[in-house]
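Undergrad: Take a look at the following structure, please.
What follows draws every value from the coordinates through simple rules; no lab data is involved. Everything numeric in this text was worked out from a predicted model, so none of it was measured. Cβ coordinates were reconstructed from backbone atoms using ideal geometry, including for glycine residues, and neighbour counts include every protein chain displayed.
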Amino acid sequence: MHRRSLRFVLPLLVAAGACHHAVQGSPSTSSVPASVPASVRAPEALARAESAFHVLHVVKDRLGVTSARGAAADLDGHSLASMKRMYGLVRAPLVVQLAATDSSALGREDRRALAAMRR
């Protein structure tokens, strides 16, 4: 696999794993015990969502550039169809996670970030 392909695929796999983890349990539960206050758990959930959000935009940007070029695949050989599938695989659990994140336990800046990602 080309180095450029690894830079594209590896973060996607990590984000997909993080999204999968968030969907398996309640979004407010994580590796942090329930005895830890929500003010600590919520930022952790937000950090996972921000990582997945970043990956989602990487895929979206690649889709846009590839489409604008009129090509059937990006320069690494990923087809438009495979990128659309990856977009869906990352987006679906992210939407669930964003909707379930308790903004009341977040600081002002984190609430703004959450609101921006929900749009």
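Undergrad: How long, wide and thick is the range 62-119, going by the Cα atoms along their three principal axes, in whole angstroms, largest first?
TA: Principal axes ranked by extent give 44, 19, 16 Å for the Cα atoms.
Undergrad: Test of understanding: extend the Cα→C-beta vector of V95 to 7 Å, then name every residue of the range 65-86 with backbone N under 18 Å from that spot.
TA: Flagged as within label range: 83-86.
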